[in-house]
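The values are calculated or read from the model by the stated rules, or taken from the named source; none is laboratory data. Remember, it's a predicted structure, so these values are computed and weren't measured experimentally. No Cβ is skipped: glycine too gets one built from the backbone with ideal geometry, and neighbour counts run over all protein chains shown. Keep in mind that these areas ignore ligands, DNA and RNA; they rest on the heavy atoms of the full protein, side chains included. Shrake-Rupley method; radii C 1.70, N 1.55, O 1.52, S 1.80 Å.
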Amino acid sequence: MKHIFFEKWEKKLEKIDYAVQPIVSTLSGKLFGVEFLIRGVEEIGFKSISSFFDEAYEDQVLVPLEKTLRKKVAEKASKIKNYRNINIFYNYDHRIMEMPDYTFGFTEQVLGEYKIPPSNWCLELNEGLNHSFTAIYNKVLLRAKASGFKLAIDDFGTGFSNFELLYHSEADYIKLDKFLIREIHKDNRKISLVSAIKDIARSLGITLIAEGVETEEEYYCLKNFNIEFIQGYFIQKPTTDPYSIKLKYENIESLYNSDRRKSTGFNSRIKEAMVFIPPLKIDSSIGDLFTRFQNSNYDFIPLVDTNFAPVGVVFETDLREYIYSPFGRELLTSKLHKKTIKDFMKKMPKVDIRTKIDDVLKLIVTFDSQGIFVTNDNEYVGFLPNNAVLKILNEIRIQEALETNPLTGLPGNAAIAANINKILKDEDNVNYVVYFDFDNFKPFNDKFGFRVGDRAIKGFGEILKDLKRREDKEIFIGHIGGDDFFMSISFKEYETEAVIKMILNIIDEFQKLSTSFYSFEEIVNKSYQSVDRSGNLKNFPLLGISAAIIELPKISIEITDQDFSKLIAVLKKNAKSNGSKISISTLLNR
C-alpha cells in the first residue's frame, strides 16, 4: 500500500488544493466557521471528487491520502485570521475506517502542529455512512466525540436515510441542503419542512446551518425562522485564497440592522430572566467537575467548548453513585477508571438572546429539560429556567388580553399607536397604512340587529387575519373599535399598485361575505330598507368597505397626532364618495 501511494498518489496530491467558504451568523455576520472544499481532482485525471476517493479506496490508500489532505486543510486554515477561534468543517471519506492501516490519533497530531483546538474540527457526515451502521462506525464516531471533534450531518434534506444518521451520530450540527433553501421564500412546502427540522434540531440541542443561500429573500426567510448560521454565494463564493475570509460580513449585519422586523437588540425579558451559571470547559477534569458542584447552588453545570459555545450539561444526579459512595471520587478521578466529563454530558436546547418569547415557550414544551441555554452569536451568556419563561409568558398574555379587542381578538389602540410611531421613524422601508371603515353601518345594525352586526365585524376581522397568514410580508392588523379597522404593510420599495390590488381584493371578499346577511330580493336589488338618522324609512346600499391609504416613503416623518387624524378623516370622506371606495395620499415632511 505504501508503494502504491508513493508511486501513484504522492505526486498527484501535490496538485490538490482546497477552496474555503465562510459560515456566518444570520444576526451579526460574524464568522462562525469555514467549510473546506477539495479542488483540482480533474487536473490529475479524475472525472469527479467521488471517483477520486473511489479509486483511493480501491487502492487501499485512504489513510495516507487523508493524512495528506488534512494537513493541507490545517495549513490553509492557519492562514485565516483568528483561525483558532473558528470552526473547520471538513468532508472526508468514511470508508477510511475500513482500511487495515487505520489508527486513531493522526488528526489530533496534525491539529497539534498548527495549534488548532480539536473542538474546532468538525467532521461532515453524509448519507453514505448509513448503508451499514456497524459497530466499527459507532466506535469511530464515539472516539471522534471523545477527542473533542464536532460532527455535522451534511446535505440534510436529500436522500432517504438522514434520520437514521441523525439518530446514531448525536451530531452537533445539521447542514440543510441547498435544495431546501433555494427560493424557500416562494415555497410553503419547503418552509414547512425547514420549520419541522428546526424544531427537531432545537429539541436535540443541535445547531442548524443553511447551505446554498444565494439571495436576500432567502436570507430574510431563514433569519425570520431563527436559523443561526448560513453559507452560500450570498455571503461569499468558495475561494482558494484563505486571506479573503473576513471575520465579519458587514452586508449581513447591515441587512439585519435595517430589517424593521428585527427585535430591538436583545430580548429584554430574556435578559432579565436568565441567570448566569458559571460554565466548565468540556476538556476539564472530573476533579474540576466535583469541585464545581461543591461550590455551586445549582444541580447541574453548563459545559462550553474552547469558543465558549454551549455543548451540554452534567447533572449532579448522574454522579450520585460516585458522590455518595466512600471511595467514589477517588474511583472516578483515577487514571484506571478513564471516565471523562463527556461520559456524563447531556444535550440541552439553546436559543439566541434575540429570540421571541413565544418561540422559547414552544421549545420548552417540545424538549423536557430544566430550561434553555441562552447564547449571543453562539457564545454562552446564561441560562433560562422553565419557570422564568412561563412567568414571562403569563405576563405577556395578561397584557395582550387587556389591549386586545374582545370581539375580533385583534390588537387595540395602544398597539396600533405604537405601530404608527414605529412606521413614522422607519427610514429603510416604504410603508402603507390603511384605515378601513364600514359604509352605512348604523342603519345595517338598526335593520338586522347587533348580533348580525357583530358577525359582520368578526367576519371582516377574519378576512384580515387570513390575509396576514397568506402573505409573506410584514403585515400588522388592528381593530380600532366598532366598524373601524387598521392595517400596515411594509415593502423594500414602492408597491402602490400591489397594495391597491390587495385592498380591492379585501373589499371584494367582504362583499361576498355580506351576501349571507340579506334576503334574495335585497341581493337582487342591491339595497335594503332601514330608518335613517331622522327616523325615516329609506333604501340603503348593501354593506361595504371604504379604505383610506397613506403611503410613507423611506424617511423619518414628523407629524402631530392632530394633523395625522385630519388627514385620515379627509381620506375616509373621499373614499366613501368615489366608486372605487379607495382614497390614497403620500405623506411627506413639510
Being at pLDDT 85 or above and within 30 Å of Lys30 (Cα to Cα): is that true of Leu111 here?
yes
Pick from Leu166, Leu208, Leu176, Leu180: which is hydrophobic (A, V, I, L, M, F, W, C), open to solvent by less than 60 Å² (accessible area, probe 1.4 Å), closer than 18 Å to Leu123 by Cα and in contact with a Gly (Cβ under 8 Å, 6 or more places away or on another chain)?
Leu176
Name every residue in the stretch 479-499 that is of a type in the set (A, V, I, L, M, F, W, C), out of contact with any Leu (no Cβ under 8 Å at 6 or more places or on another chain), without any contact (Cβ under 8 Å) to a residue 60 or more places away in the chain and crowded, with 16+ Cβ neighbours inside 10 Å, in order of residue number.
Ile489
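For residues that are part of a loop (DSSP other than H, G, I, E, B) and either under 16 Å from Asp318 (Cα atoms) or open to solvent by 70 Å² or more (accessible area, probe 1.4 Å) (or both), tally how many sit in the stretch 268-277.
Selection size over the stretch 268-277: 1.
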Take the stretch 183-195 and flag every residue that is open to solvent by 50 Å² or more (accessible area, probe 1.4 Å) and either polar (S, T, N, Q) or in contact with a Ser or Thr (Cβ under 9 Å, 6 or more places away or on another chain) (or both).
Glu183, Asn188, Ser192
Could you tell me which numbered condition Lys538 fails, if it satisfies all but one of (1) over 22 Å from Phe436 (Cα atoms); (2) out of contact with any Pro (no Cβ under 8 Å at 6 or more places or on another chain); (3) basic (Lys, Arg)?
(2)
Look through Leu319, Leu331 and report the one residue that is modelled with pLDDT under 80, open to solvent by less than 80 Å² (accessible area, probe 1.4 Å) and of a type in the set (A, V, I, L, M).
Leu319
Kindly check whether there is at least one residue in the stretch 204-214 that is modelled with pLDDT of 85 or more and small (Gly, Ala, Ser).
yes
Which condition number in (1) closer than 25 Å to Val381 by Cβ; (2) open to solvent by 30 Å² or more (accessible area, probe 1.4 Å); (3) touching a Gly at 6+ places or on another chain (Cβ under 6 Å); (4) modelled with pLDDT of 85 or more is the one that Tyr249 fails?
(2)
Name the residue that is most open to solvent (accessible area, probe 1.4 Å), counting only residues in the stretch 527-564 that are modelled with pLDDT of 85 or more and polar (S, T, N, Q).
Gln562
When Ser48 is evaluated against the numbered criteria (1) without any contact (Cβ under 8 Å) to a residue 12 or more places away in the chain; (2) in contact with a strand residue (DSSP E or B) (Cβ under 9 Å, 6 or more places away or on another chain), which criterion, by number, is the only one it fails?
(2)
When you scan the stretch 454-461, do you find a residue that is closer than 29 Å to Lys492 by Cβ and modelled with pLDDT of 90 or more, even just one?
yes
What number of residues within the stretch 459-478 are surrounded by fewer than 18 Cβ atoms within 10 Å (Cβ to Cβ) and of a type in the set (Phe, Trp, Tyr)?
0
Can you pull out the residues in the stretch 565-583 that are closer than 12 Å to Leu504 by Cβ and open to solvent by 70 Å² or more (accessible area, probe 1.4 Å)?
Gly579
Any residue that is closer than 28 Å to Ile184 by Cα, out of contact with any strand residue (DSSP E or B) (no Cβ under 8 Å at 6 or more places or on another chain) and surrounded by fewer than 18 Cβ atoms within 10 Å (Cβ to Cβ) - is there at least one of those in the stretch 437-458?
no
